[in-house]
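The values are calculated or read from the model by the stated rules, or taken from the named source; none is laboratory data. This is a predicted model, so every value here is computed, not measured. Note that each Cβ is placed from the backbone with ideal geometry, even for glycine, and that neighbours are counted across all protein chains shown. For the accessible areas, the whole protein counts, side chains as well, though only heavy atoms, and no ligand, DNA or RNA atoms are used. Shrake-Rupley method; radii C 1.70, N 1.55, O 1.52, S 1.80 Å.
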Amino acid sequence: MATRQFTLTDNSSGKTSTLEALSPSVGPDVINIAPLAKDHGVYTFDPGFMSTASCESKITYIDGDKGVLLYRGYPVEQLAAKSSFLEVSYLLIYGELPTQTQLEEFTRSIGRHTMINESLLRFYNGFHYDAHPMAQLSAVVASMAGFYHDSLDIYNPRHREIFAHRIIAKMPTISAAAYKHMLGQPFVYPRNDLDYCSNLMSMFFGVPAEPFEIDPIAARALDLLLILHADHEQNASTSTVRLAGSTGTNPYSAISSGVAALWGPSHGGANEAVLQMLEEIGTADAIPKFLARVKDKQDHTKLMGFGHRVYKHFDPRAQIIRETCHQVLANLGRSDNPLFELALRLEEIALKDEYFVSRRLYPNVDFYSGIIYRAIGIPQSMFTVMFAIARTAGWVAHWQEMIADPGMKIGRPRQLYTGATTRNYVDIAAR
Ligand code: CMC
(Lines give C-alpha, C1' and ligand atoms only; values in the text may rest on other atoms or scores of the structure.)
Protein backbone atom coordinates (compact mmCIF):
# COMPACT_ATOMS: atom_id res chain seq x y z
CA MET A 1 0.00 0.00 0.00
CA ALA A 2 1.33 3.45 -0.94
CA THR A 3 2.41 5.64 1.94
CA ARG A 4 -0.13 8.35 2.72
CA GLN A 5 1.20 11.84 2.19
CA PHE A 6 -0.07 15.19 3.40
CA THR A 7 0.82 18.51 1.80
CA LEU A 8 1.16 21.52 4.04
CA THR A 9 1.13 24.96 2.44
CA ASP A 10 2.24 28.16 4.11
CA ASN A 11 -0.36 30.53 2.66
CA SER A 12 1.78 33.61 3.28
CA SER A 13 4.91 32.39 1.45
CA GLY A 14 3.32 29.76 -0.78
CA LYS A 15 5.99 27.28 0.32
CA THR A 16 4.77 23.70 0.59
CA SER A 17 6.13 20.56 2.18
CA THR A 18 5.13 16.95 2.03
CA LEU A 19 4.55 15.16 5.29
CA GLU A 20 4.62 11.37 5.20
CA ALA A 21 2.37 9.21 7.35
CA LEU A 22 4.06 6.39 9.23
CA SER A 23 1.99 3.21 9.27
CA PRO A 24 1.68 1.27 12.52
CA SER A 25 1.14 -2.51 12.60
CA VAL A 26 -2.42 -1.74 13.79
CA GLY A 27 -4.21 1.56 14.47
CA PRO A 28 -4.33 4.97 12.81
CA ASP A 29 -1.43 6.40 10.78
CA VAL A 30 0.89 8.89 12.43
CA ILE A 31 2.11 11.94 10.49
CA ASN A 32 5.83 12.59 10.72
CA ILE A 33 6.01 16.33 11.41
CA ALA A 34 9.79 16.47 11.77
CA PRO A 35 10.24 18.43 8.47
CA LEU A 36 8.05 21.30 9.70
CA ALA A 37 10.72 23.03 11.75
CA LYS A 38 13.39 22.62 9.06
CA ASP A 39 11.17 23.57 6.10
CA HIS A 40 8.96 26.24 7.62
CA GLY A 41 10.52 27.22 10.97
CA VAL A 42 7.29 26.28 12.80
CA TYR A 43 6.43 23.80 15.55
CA THR A 44 3.17 22.07 16.37
CA PHE A 45 0.97 22.90 19.37
CA ASP A 46 -0.83 20.06 21.14
CA PRO A 47 -1.33 20.62 24.90
CA GLY A 48 -1.93 17.37 26.76
CA PHE A 49 -0.69 15.36 23.73
CA MET A 50 -4.30 15.10 22.48
CA SER A 51 -3.14 14.09 18.97
CA THR A 52 0.58 13.51 19.28
CA ALA A 53 2.45 10.20 19.33
CA SER A 54 5.55 10.78 21.46
CA CYS A 55 7.47 7.66 20.43
CA GLU A 56 7.45 4.40 18.53
CA SER A 57 6.70 1.33 20.64
CA LYS A 58 6.04 -2.39 20.22
CA ILE A 59 4.76 -3.09 23.73
CA THR A 60 1.08 -2.27 24.19
CA TYR A 61 -1.78 -1.38 21.86
CA ILE A 62 -5.11 0.24 22.79
CA ASP A 63 -8.12 0.81 20.54
CA GLY A 64 -10.14 3.20 22.66
CA ASP A 65 -13.29 3.01 20.52
CA LYS A 66 -13.46 -0.77 20.50
CA GLY A 67 -12.23 -1.25 24.09
CA VAL A 68 -9.22 -3.31 22.96
CA LEU A 69 -6.07 -3.66 25.07
CA LEU A 70 -3.21 -5.85 23.83
CA TYR A 71 0.06 -6.59 25.62
CA ARG A 72 2.56 -7.57 22.90
CA GLY A 73 -0.45 -8.53 20.77
CA TYR A 74 -2.20 -10.70 23.39
CA PRO A 75 -5.69 -9.53 24.49
CA VAL A 76 -5.68 -8.56 28.15
CA GLU A 77 -8.81 -10.69 28.70
CA GLN A 78 -6.87 -13.84 27.74
CA LEU A 79 -3.90 -12.91 29.91
CA ALA A 80 -6.23 -12.12 32.83
CA ALA A 81 -7.89 -15.52 32.49
CA LYS A 82 -4.80 -17.67 31.90
CA SER A 83 -1.58 -15.93 32.86
CA SER A 84 0.16 -14.68 35.99
CA PHE A 85 1.65 -11.29 36.82
CA LEU A 86 5.23 -12.59 36.55
CA GLU A 87 4.53 -14.22 33.20
CA VAL A 88 2.96 -10.96 31.96
CA SER A 89 6.00 -9.02 33.24
CA TYR A 90 8.25 -11.35 31.26
CA LEU A 91 6.05 -10.87 28.18
CA LEU A 92 6.15 -7.07 28.46
CA ILE A 93 9.91 -6.94 28.99
CA TYR A 94 11.13 -9.66 26.61
CA GLY A 95 8.39 -9.39 23.97
CA GLU A 96 7.33 -13.07 23.94
CA LEU A 97 5.55 -15.42 26.33
CA PRO A 98 8.20 -17.47 28.18
CA THR A 99 8.69 -21.20 27.79
CA GLN A 100 8.27 -23.23 30.99
CA THR A 101 12.07 -23.15 31.53
CA GLN A 102 12.29 -19.40 30.86
CA LEU A 103 9.46 -18.71 33.29
CA GLU A 104 11.07 -20.84 35.98
CA GLU A 105 14.41 -19.11 35.49
CA PHE A 106 12.74 -15.66 35.55
CA THR A 107 10.78 -16.55 38.69
CA ARG A 108 13.97 -17.85 40.35
CA SER A 109 15.82 -14.66 39.44
CA ILE A 110 13.02 -12.45 40.82
CA GLY A 111 13.13 -14.57 43.98
CA ARG A 112 16.88 -13.94 44.33
CA HIS A 113 16.29 -10.17 44.39
CA THR A 114 13.36 -9.79 46.81
CA MET A 115 15.38 -8.62 49.84
CA ILE A 116 16.41 -5.00 50.26
CA ASN A 117 19.63 -3.76 51.79
CA GLU A 118 19.24 -3.37 55.58
CA SER A 119 20.51 0.22 55.35
CA LEU A 120 17.68 0.99 52.96
CA LEU A 121 15.25 -0.23 55.62
CA ARG A 122 16.49 2.50 57.96
CA PHE A 123 15.26 5.18 55.52
CA TYR A 124 11.71 4.56 56.67
CA ASN A 125 12.45 5.83 60.16
CA GLY A 126 12.91 9.28 58.64
CA PHE A 127 9.24 9.34 57.66
CA HIS A 128 6.48 10.38 60.01
CA TYR A 129 4.20 7.41 60.77
CA ASP A 130 1.38 8.91 58.68
CA ALA A 131 3.49 9.81 55.63
CA HIS A 132 1.62 8.68 52.53
CA PRO A 133 3.14 5.40 51.30
CA MET A 134 3.49 6.82 47.77
CA ALA A 135 5.82 9.50 49.19
CA GLN A 136 7.85 6.74 50.84
CA LEU A 137 7.83 4.58 47.71
CA SER A 138 9.01 7.35 45.43
CA ALA A 139 11.81 8.36 47.81
CA VAL A 140 13.02 4.83 48.56
CA VAL A 141 13.01 3.81 44.88
CA ALA A 142 15.06 6.93 44.02
CA SER A 143 17.52 6.12 46.81
CA MET A 144 18.17 2.66 45.34
CA ALA A 145 20.51 4.30 42.82
CA GLY A 146 22.86 4.76 45.76
CA PHE A 147 22.98 1.02 46.46
CA TYR A 148 23.38 -0.77 43.14
CA HIS A 149 26.44 0.79 41.53
CA ASP A 150 27.34 -2.62 40.14
CA SER A 151 24.64 -2.45 37.48
CA LEU A 152 23.99 1.16 36.57
CA ASP A 153 25.51 1.25 33.09
CA ILE A 154 22.35 1.90 31.10
CA TYR A 155 24.06 0.94 27.83
CA ASN A 156 24.99 -2.52 29.13
CA PRO A 157 22.07 -4.91 28.31
CA ARG A 158 22.97 -7.23 31.21
CA HIS A 159 22.95 -4.30 33.64
CA ARG A 160 19.55 -3.29 32.33
CA GLU A 161 18.29 -6.83 32.83
CA ILE A 162 19.58 -7.01 36.41
CA PHE A 163 17.88 -3.69 37.14
CA ALA A 164 14.61 -4.98 35.62
CA HIS A 165 14.59 -8.11 37.79
CA ARG A 166 15.69 -6.17 40.86
CA ILE A 167 13.00 -3.51 40.74
CA ILE A 168 10.17 -5.95 39.96
CA ALA A 169 11.35 -8.16 42.84
CA LYS A 170 11.81 -5.35 45.35
CA MET A 171 8.69 -3.24 44.76
CA PRO A 172 6.50 -5.43 47.03
CA THR A 173 9.23 -5.46 49.70
CA ILE A 174 9.66 -1.66 49.60
CA SER A 175 5.87 -1.18 49.68
CA ALA A 176 5.39 -3.61 52.57
CA ALA A 177 8.11 -1.82 54.54
CA ALA A 178 6.22 1.47 54.07
CA TYR A 179 3.03 -0.18 55.29
CA LYS A 180 4.71 -1.73 58.34
CA HIS A 181 6.25 1.64 59.16
CA MET A 182 2.78 3.22 59.10
CA LEU A 183 1.48 0.52 61.43
CA GLY A 184 4.52 0.58 63.70
CA GLN A 185 4.93 -3.17 63.19
CA PRO A 186 8.20 -5.00 62.56
CA PHE A 187 9.23 -5.52 58.96
CA VAL A 188 8.48 -9.02 57.65
CA TYR A 189 11.17 -10.44 55.36
CA PRO A 190 10.23 -11.79 51.92
CA ARG A 191 9.62 -15.49 51.44
CA ASN A 192 10.94 -16.91 48.21
CA ASP A 193 9.01 -20.16 48.58
CA LEU A 194 5.82 -18.21 47.85
CA ASP A 195 4.50 -16.89 44.56
CA TYR A 196 4.74 -13.14 43.90
CA CYS A 197 1.36 -12.11 45.35
CA SER A 198 1.36 -14.58 48.26
CA ASN A 199 4.77 -13.23 49.27
CA LEU A 200 3.41 -9.67 49.00
CA MET A 201 0.50 -10.55 51.28
CA SER A 202 2.78 -12.33 53.72
CA MET A 203 4.99 -9.23 54.01
CA PHE A 204 1.95 -6.95 54.35
CA PHE A 205 -0.18 -8.94 56.76
CA GLY A 206 2.23 -11.32 58.46
CA VAL A 207 3.88 -10.63 61.82
CA PRO A 208 7.02 -12.30 63.14
CA ALA A 209 5.12 -13.59 66.20
CA GLU A 210 2.99 -16.14 64.36
CA PRO A 211 2.73 -17.97 61.02
CA PHE A 212 0.72 -16.23 58.34
CA GLU A 213 -1.94 -18.18 56.51
CA ILE A 214 -2.23 -17.18 52.85
CA ASP A 215 -5.69 -16.92 51.35
CA PRO A 216 -5.31 -18.28 47.78
CA ILE A 217 -8.50 -16.49 46.62
CA ALA A 218 -7.13 -13.16 47.77
CA ALA A 219 -3.68 -13.86 46.27
CA ARG A 220 -5.18 -14.78 42.89
CA ALA A 221 -7.45 -11.70 42.93
CA LEU A 222 -4.42 -9.52 43.59
CA ASP A 223 -2.46 -11.23 40.80
CA LEU A 224 -5.33 -10.51 38.40
CA LEU A 225 -5.39 -6.83 39.38
CA LEU A 226 -1.62 -6.62 38.84
CA ILE A 227 -2.00 -8.14 35.34
CA LEU A 228 -4.70 -5.58 34.43
CA HIS A 229 -2.58 -2.66 35.65
CA ALA A 230 0.75 -3.87 34.26
CA ASP A 231 0.95 -1.59 31.23
CA HIS A 232 -1.09 0.97 29.32
CA GLU A 233 1.19 2.34 26.58
CA GLN A 234 2.15 6.04 26.81
CA ASN A 235 0.11 7.03 29.92
CA ALA A 236 1.31 9.94 32.08
CA SER A 237 3.59 7.94 34.40
CA THR A 238 5.12 5.86 31.61
CA SER A 239 5.75 8.99 29.57
CA THR A 240 7.35 10.48 32.68
CA VAL A 241 9.64 7.46 33.03
CA ARG A 242 10.57 7.78 29.35
CA LEU A 243 11.20 11.53 29.59
CA ALA A 244 13.32 11.22 32.74
CA GLY A 245 15.11 8.17 31.31
CA SER A 246 15.84 9.97 28.03
CA THR A 247 18.32 12.19 29.85
CA GLY A 248 20.45 9.11 30.58
CA THR A 249 19.65 9.23 34.28
CA ASN A 250 19.83 5.95 36.21
CA PRO A 251 16.71 3.77 35.94
CA TYR A 252 15.82 3.99 39.65
CA SER A 253 15.47 7.78 39.31
CA ALA A 254 13.36 7.31 36.19
CA ILE A 255 11.04 4.84 37.92
CA SER A 256 10.83 7.08 40.97
CA SER A 257 9.54 9.90 38.76
CA GLY A 258 6.99 7.46 37.36
CA VAL A 259 5.80 6.68 40.90
CA ALA A 260 5.41 10.42 41.57
CA ALA A 261 3.40 10.95 38.37
CA LEU A 262 1.20 7.94 39.09
CA TRP A 263 0.22 9.34 42.50
CA GLY A 264 -1.99 12.09 41.00
CA PRO A 265 -5.77 11.59 41.31
CA SER A 266 -6.25 11.94 37.54
CA HIS A 267 -4.02 8.88 37.12
CA GLY A 268 -3.25 6.06 39.60
CA GLY A 269 -4.41 8.03 42.64
CA ALA A 270 -7.97 7.65 41.33
CA ASN A 271 -8.40 4.20 42.95
CA GLU A 272 -7.97 5.71 46.42
CA ALA A 273 -10.14 8.69 45.47
CA VAL A 274 -12.99 6.41 44.30
CA LEU A 275 -13.32 4.83 47.75
CA GLN A 276 -13.22 8.26 49.40
CA MET A 277 -15.94 9.40 46.98
CA LEU A 278 -18.15 6.34 47.64
CA GLU A 279 -17.80 6.85 51.38
CA GLU A 280 -18.67 10.51 50.99
CA ILE A 281 -21.80 9.66 48.94
CA GLY A 282 -22.76 7.09 51.56
CA THR A 283 -26.09 5.80 50.28
CA ALA A 284 -27.79 5.41 46.89
CA ASP A 285 -30.35 8.13 47.60
CA ALA A 286 -27.49 10.66 47.76
CA ILE A 287 -26.26 9.83 44.23
CA PRO A 288 -28.37 12.46 42.35
CA LYS A 289 -27.14 15.22 44.64
CA PHE A 290 -23.55 14.10 44.15
CA LEU A 291 -23.92 13.92 40.35
CA ALA A 292 -25.39 17.41 40.34
CA ARG A 293 -22.16 18.62 41.94
CA VAL A 294 -20.12 16.70 39.35
CA LYS A 295 -22.02 18.43 36.54
CA ASP A 296 -21.60 21.87 38.09
CA LYS A 297 -18.41 23.23 36.51
CA GLN A 298 -17.91 25.68 39.38
CA ASP A 299 -17.72 22.82 41.87
CA HIS A 300 -14.59 21.02 40.53
CA THR A 301 -15.92 17.64 41.72
CA LYS A 302 -15.30 14.71 39.39
CA LEU A 303 -16.87 11.32 39.24
CA MET A 304 -13.68 9.48 40.16
CA GLY A 305 -13.01 6.25 38.30
CA PHE A 306 -14.93 7.55 35.29
CA GLY A 307 -13.59 8.83 31.97
CA HIS A 308 -10.43 8.10 30.08
CA ARG A 309 -8.29 9.90 27.53
CA VAL A 310 -8.22 6.89 25.21
CA TYR A 311 -11.26 4.71 26.02
CA LYS A 312 -14.42 6.30 24.64
CA HIS A 313 -16.69 3.28 24.65
CA PHE A 314 -15.64 1.06 27.54
CA ASP A 315 -12.48 0.17 29.45
CA PRO A 316 -12.00 -3.61 29.11
CA ARG A 317 -10.13 -3.67 32.43
CA ALA A 318 -13.13 -2.15 34.26
CA GLN A 319 -15.41 -4.86 32.86
CA ILE A 320 -13.09 -7.65 34.04
CA ILE A 321 -12.68 -6.04 37.46
CA ARG A 322 -16.43 -5.56 37.94
CA GLU A 323 -16.97 -9.25 37.16
CA THR A 324 -14.08 -10.20 39.45
CA CYS A 325 -15.63 -8.12 42.25
CA HIS A 326 -18.72 -10.35 42.12
CA GLN A 327 -16.59 -13.53 42.22
CA VAL A 328 -14.13 -12.39 44.88
CA LEU A 329 -16.80 -11.04 47.21
CA ALA A 330 -18.82 -14.27 46.79
CA ASN A 331 -15.75 -16.47 47.34
CA LEU A 332 -14.76 -14.51 50.42
CA GLY A 333 -18.33 -14.81 51.70
CA ARG A 334 -18.84 -11.04 51.49
CA SER A 335 -21.42 -10.78 48.69
CA ASP A 336 -23.35 -8.34 50.79
CA ASN A 337 -21.03 -5.38 50.21
CA PRO A 338 -22.76 -1.98 50.50
CA LEU A 339 -19.89 -0.11 48.84
CA PHE A 340 -19.96 -2.40 45.79
CA GLU A 341 -23.77 -2.07 45.61
CA LEU A 342 -23.38 1.70 45.73
CA ALA A 343 -20.73 1.67 42.97
CA LEU A 344 -22.95 -0.51 40.74
CA ARG A 345 -25.89 1.85 41.26
CA LEU A 346 -23.70 4.91 40.63
CA GLU A 347 -22.46 3.39 37.35
CA GLU A 348 -26.01 2.54 36.29
CA ILE A 349 -27.29 6.06 36.95
CA ALA A 350 -24.28 7.80 35.38
CA LEU A 351 -24.46 5.69 32.21
CA LYS A 352 -28.02 6.90 31.63
CA ASP A 353 -27.18 10.52 32.33
CA GLU A 354 -26.85 12.83 29.32
CA TYR A 355 -23.76 14.53 30.81
CA PHE A 356 -21.76 11.29 30.84
CA VAL A 357 -23.33 9.85 27.66
CA SER A 358 -22.55 12.93 25.55
CA ARG A 359 -18.96 13.06 26.81
CA ARG A 360 -18.48 9.30 26.38
CA LEU A 361 -17.49 8.81 30.00
CA TYR A 362 -17.41 5.20 31.24
CA PRO A 363 -16.02 3.46 34.32
CA ASN A 364 -12.26 3.03 34.05
CA VAL A 365 -9.90 0.52 35.67
CA ASP A 366 -9.96 2.39 38.98
CA PHE A 367 -13.74 2.45 39.50
CA TYR A 368 -13.99 -1.05 40.99
CA SER A 369 -10.39 -2.01 41.83
CA GLY A 370 -10.49 -0.44 45.30
CA ILE A 371 -13.46 -2.60 46.27
CA ILE A 372 -11.41 -5.74 45.62
CA TYR A 373 -8.34 -4.32 47.34
CA ARG A 374 -10.42 -3.52 50.38
CA ALA A 375 -12.11 -6.95 50.35
CA ILE A 376 -8.71 -8.66 50.45
CA GLY A 377 -7.50 -6.43 53.26
CA ILE A 378 -5.35 -3.85 51.45
CA PRO A 379 -5.81 -0.49 53.21
CA GLN A 380 -6.99 2.50 51.19
CA SER A 381 -3.73 4.42 51.41
CA MET A 382 -1.95 1.46 49.76
CA PHE A 383 -4.24 1.23 46.69
CA THR A 384 -2.07 3.43 44.48
CA VAL A 385 1.01 1.58 45.74
CA MET A 386 -0.53 -1.63 44.37
CA PHE A 387 -0.96 0.13 41.03
CA ALA A 388 2.71 1.18 41.16
CA ILE A 389 3.87 -2.40 41.86
CA ALA A 390 1.95 -3.57 38.79
CA ARG A 391 2.92 -0.69 36.51
CA THR A 392 6.61 -1.21 37.33
CA ALA A 393 6.56 -4.03 34.75
CA GLY A 394 5.33 -1.61 32.08
CA TRP A 395 7.68 1.20 33.13
CA VAL A 396 10.65 -1.17 32.94
CA ALA A 397 9.60 -2.50 29.52
CA HIS A 398 9.23 1.03 28.12
CA TRP A 399 12.49 2.25 29.65
CA GLN A 400 14.32 -0.78 28.22
CA GLU A 401 12.76 -0.30 24.78
CA MET A 402 13.78 3.36 24.74
CA ILE A 403 17.36 2.87 25.93
CA ALA A 404 17.94 -0.06 23.53
CA ASP A 405 16.85 2.13 20.59
CA PRO A 406 19.99 3.45 18.85
CA GLY A 407 17.97 6.49 17.71
CA MET A 408 17.05 7.52 21.28
CA LYS A 409 16.95 11.29 21.78
CA ILE A 410 16.55 13.35 24.91
CA GLY A 411 12.87 14.31 25.25
CA ARG A 412 12.66 18.05 24.86
CA PRO A 413 9.29 19.58 23.86
CA ARG A 414 8.93 23.05 22.35
CA GLN A 415 6.49 25.69 23.62
CA LEU A 416 4.19 28.45 22.48
CA TYR A 417 5.73 31.41 24.29
CA THR A 418 3.23 34.14 25.25
CA GLY A 419 5.28 35.98 27.86
CA ALA A 420 6.94 39.39 27.73
CA THR A 421 9.24 40.24 24.83
CA THR A 422 12.74 41.64 25.55
CA ARG A 423 12.68 44.51 28.03
CA ASN A 424 15.31 46.30 30.04
CA TYR A 425 16.04 45.69 33.71
CA VAL A 426 14.59 48.39 35.96
CA ASP A 427 16.48 49.33 39.11
CA ILE A 428 14.54 48.51 42.28
CA ALA A 429 14.23 52.16 43.30
CA ALA A 430 12.55 52.96 40.03
CA ARG A 431 9.88 50.20 40.16
N1 CMC B 1 -16.27 13.41 36.02
C2 CMC B 1 -16.90 14.49 35.49
N3 CMC B 1 -16.60 15.01 34.31
C4 CMC B 1 -15.63 14.45 33.61
C5 CMC B 1 -14.92 13.32 34.08
C6 CMC B 1 -15.29 12.80 35.33
N7 CMC B 1 -14.65 11.74 35.83
N8 CMC B 1 -13.99 12.96 33.18
C9 CMC B 1 -14.10 13.84 32.17
N10 CMC B 1 -15.10 14.74 32.42
C11 CMC B 1 -15.56 15.81 31.53
C12 CMC B 1 -14.59 16.96 31.51
O13 CMC B 1 -14.90 17.91 32.51
C14 CMC B 1 -14.82 17.49 30.12
O15 CMC B 1 -16.05 18.19 30.12
P16 CMC B 1 -16.25 19.50 29.19
O17 CMC B 1 -16.13 19.02 27.79
O18 CMC B 1 -17.62 20.00 29.54
O19 CMC B 1 -15.17 20.46 29.58
C20 CMC B 1 -15.05 16.25 29.28
O21 CMC B 1 -15.58 15.30 30.21
C22 CMC B 1 -13.80 15.70 28.63
O23 CMC B 1 -12.87 15.38 29.66
P24 CMC B 1 -11.35 15.76 29.66
O25 CMC B 1 -10.94 16.20 31.03
O26 CMC B 1 -11.07 16.70 28.52
O27 CMC B 1 -10.70 14.36 29.30
P28 CMC B 1 -9.20 13.96 29.48
O29 CMC B 1 -8.93 12.93 28.46
O30 CMC B 1 -8.33 15.16 29.45
O31 CMC B 1 -9.14 13.36 30.95
C32 CMC B 1 -9.26 11.82 32.76
C33 CMC B 1 -9.19 12.00 31.23
C34 CMC B 1 -9.11 10.36 33.09
C35 CMC B 1 -8.12 12.61 33.42
C36 CMC B 1 -10.64 12.35 33.25
O37 CMC B 1 -11.66 11.61 32.65
C38 CMC B 1 -10.75 12.28 34.78
O39 CMC B 1 -10.29 13.19 35.47
N40 CMC B 1 -11.37 11.20 35.34
C41 CMC B 1 -11.47 11.03 36.78
C42 CMC B 1 -10.14 10.55 37.35
C43 CMC B 1 -9.88 9.10 37.03
O44 CMC B 1 -10.73 8.23 37.20
N45 CMC B 1 -8.66 8.82 36.58
C46 CMC B 1 -8.22 7.45 36.28
C47 CMC B 1 -7.99 7.25 34.83
S48 CMC B 1 -7.80 5.52 34.36
C49 CMC B 1 -6.40 4.94 35.20
C50 CMC B 1 -5.15 5.69 34.93
O51 CMC B 1 -4.89 6.19 33.84
O52 CMC B 1 -4.35 5.78 35.84
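Table for the structure above
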| read-out | value |
| --- | --- |
| Nearest-10 value in Å² for the accessible area of D153, using the 1.4 Å probe | 70 Å² |
| Residue among W263, G282, N331 farthest towards the positive dipole end of the range 251-342, charges placed on Cβ | W263 |
| Most fluctuating residue given options D353, D195, D46, as computed from a GNM of the chain linking Cα atoms under 10 Å | D46 |
| Other-chain or far-sequence residues with amide H under 5 Å of F306's (modelled H) | N364 |
| Carbon plus sulfur fraction of accessible area for the range 213-303, probe 1.4 Å, in percent | 56 percent |
| Under Karplus coefficients 6.51, -1.76 and 1.60, residue-wise ³J(HN,Hα) of the range 26-39 in Hz, glycine/proline x | 8, x, x, 5, 10, 7, 7, 9, 3, x, 4, 5, 5, 7 |
| For the chain, convex hull volume per residue from C-alpha positions, Å³ | 217 Å³ |
| V207 accessible area, assembled protein chains, probe 1.4 Å, Å² | 50 Å² |
| Within a Gaussian network of the chain (alpha carbon springs, distance under 10 Å), most fluctuating of Q100, Q319, Q136 | Q100 |
| The range 51-126 - percent of accessible surface contributed by carbon and sulfur, probe 1.4 Å | 50 percent |
| Computed lengthening from D46 to E354, 0.36 nm per intervening residue step minus Cα-Cα distance | 108.1 nm |
| Whether the range 104-232 is rounded, prolate or oblate, judged on the alpha carbon gyration tensor where a/c under 1.5 counts as rounded | oblate |
| Fully extended contour minus Cα-Cα distance, from R412 to R431, at 0.36 nm per residue | 3.3 nm |
| Relative contact order (%) - the chain, alpha-carbon pairs under 8 angstrom, separation at least six | 20 percent |
| Accessible area per residue in Å² at 1.4 Å probe, computed on the range 373-426 | 54 Å² |
| Rounded to the nearest 10 Å², the accessible area of H313 at probe 1.4 Å | 90 Å² |
